[in-house]
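The values are calculated or read from the model by the stated rules, or taken from the named source; none is laboratory data. All figures in this text were calculated on a predicted structure; none of them were measured in a lab. Cβ placement follows ideal geometry from the backbone for every residue including glycine, while neighbour counts extend to all protein chains displayed. Remember, those area values only see protein heavy atoms, side chains included, never the ligands or the DNA or RNA. Shrake-Rupley method; radii C 1.70, N 1.55, O 1.52, S 1.80 Å.
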Amino acid sequence: MEGIEKITGRILSDAKAEADSILAAGKEETDRLSAEYRRRADEIREKARASAQIECDAMLSRVESSSGNVRRNMILEEKNRLLDAAFAEASSALPAAEGYSGFLCSLAVRAVTDNAAREAAAGEEDEDFVPAEDYELLLAEADMKYASEIEAAVASASARAGKRVVVTPDGSIKNGFVLRCGSVSTDCTVAALISEYRPELEAGAAALLFEDRK
């Protein structure tokens, strides 16, 4: 019996030693895996934090850029509104300015002369061209007080062209006139003139209004 007990003790001792070895190896592997997982978790968190920071920075940049664009657009819209108001005021101020009647007379003479030259050139190019018998000057009702001055101013030019200029009041025109020569009309209204010359005058107007410097 004593021999059996010794053998049994030896087996149990060896089994315990092996179990302890296995447990020690298992704990070592567990510790290694735990450390590895912690390292990976830290990397994932760091990457997520860095990614979140990058996205946050990008978002802030987009917001700042958007805010800047909104601000620039608001400033541009306000400048355009003020320029529109300035040119609208110029349209209203021109008819009240000194020398306005002379300005209308000069415009009328130029319009009659240019259209007479246009018709003469067309007649030379096309023998079938039929010029207008008379020119009709549609004058704004507000400017009808200058009708006699305009008629006197264009008399010489119309006589040379063999035309008669008939002045007719037109309630649809605020200020200025439209010269109708057959199917061709020349717009000499104040609104049309302001619109035509605005591109040339806008930079100077902006400089005066906003102290812009190019």
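Filter region 74-128 down to the residues that are surrounded by 12 or more Cβ atoms within 10 Å (Cβ to Cβ) and of a type in the set (D, E), then identify the one that is farthest from L179 (Cα to Cα). So the residue we want is E119. Checked against (1) in contact with an Asp or Glu (Cβ under 9 Å, 6 or more places away or on another chain); (2) open to solvent by 60 Å² or more (accessible area, probe 1.4 Å); (3) modelled with pLDDT under 95, G182 passes all but condition (2). Among the residues of region 185-200, those identified as open to solvent by 50 Å² or more (accessible area, probe 1.4 Å) and within 24 Å of V130 (Cα to Cα) are S185, D187. Close Cβ contacts (under 9 Å, 6 or more residues apart or on different chains) running from residues in region 173-189 that are acidic (D, E) to residues that are open to solvent by less than 20 Å² (accessible area, probe 1.4 Å) comprise D187/G176; D187/F177; D187/L179. For region 125-143, the condition of being under 19 Å from L94 (Cα atoms) and free of Cβ contacts under 8 Å to residues at least 40 places away in the same chain holds for at least one residue.
Name every residue in region 129-146 that is of a type in the set (F, W, Y) and open to solvent by less than 30 Å² (accessible area, probe 1.4 Å), in order of residue number. The answer is Y135, and nothing else.
Looking across region 185-214, the residues that are modelled with pLDDT under 85 and aliphatic (A, V, I, L, M) come down to L201, A203, A205, A206, A207, L208, L209.
For region 147-166, indicate whether the set of residues that are open to solvent by less than 60 Å² (accessible area, probe 1.4 Å), modelled with pLDDT under 95 and either among the polar types (S, T, N, Q) or under 40 Å from the mean Cα position of the chain (by Cα) (or both) is non-empty. Checked region 147-166: at least one residue is open to solvent by less than 60 Å² (accessible area, probe 1.4 Å), modelled with pLDDT under 95 and either among the polar types (S, T, N, Q) or under 40 Å from the mean Cα position of the chain (by Cα) (or both).
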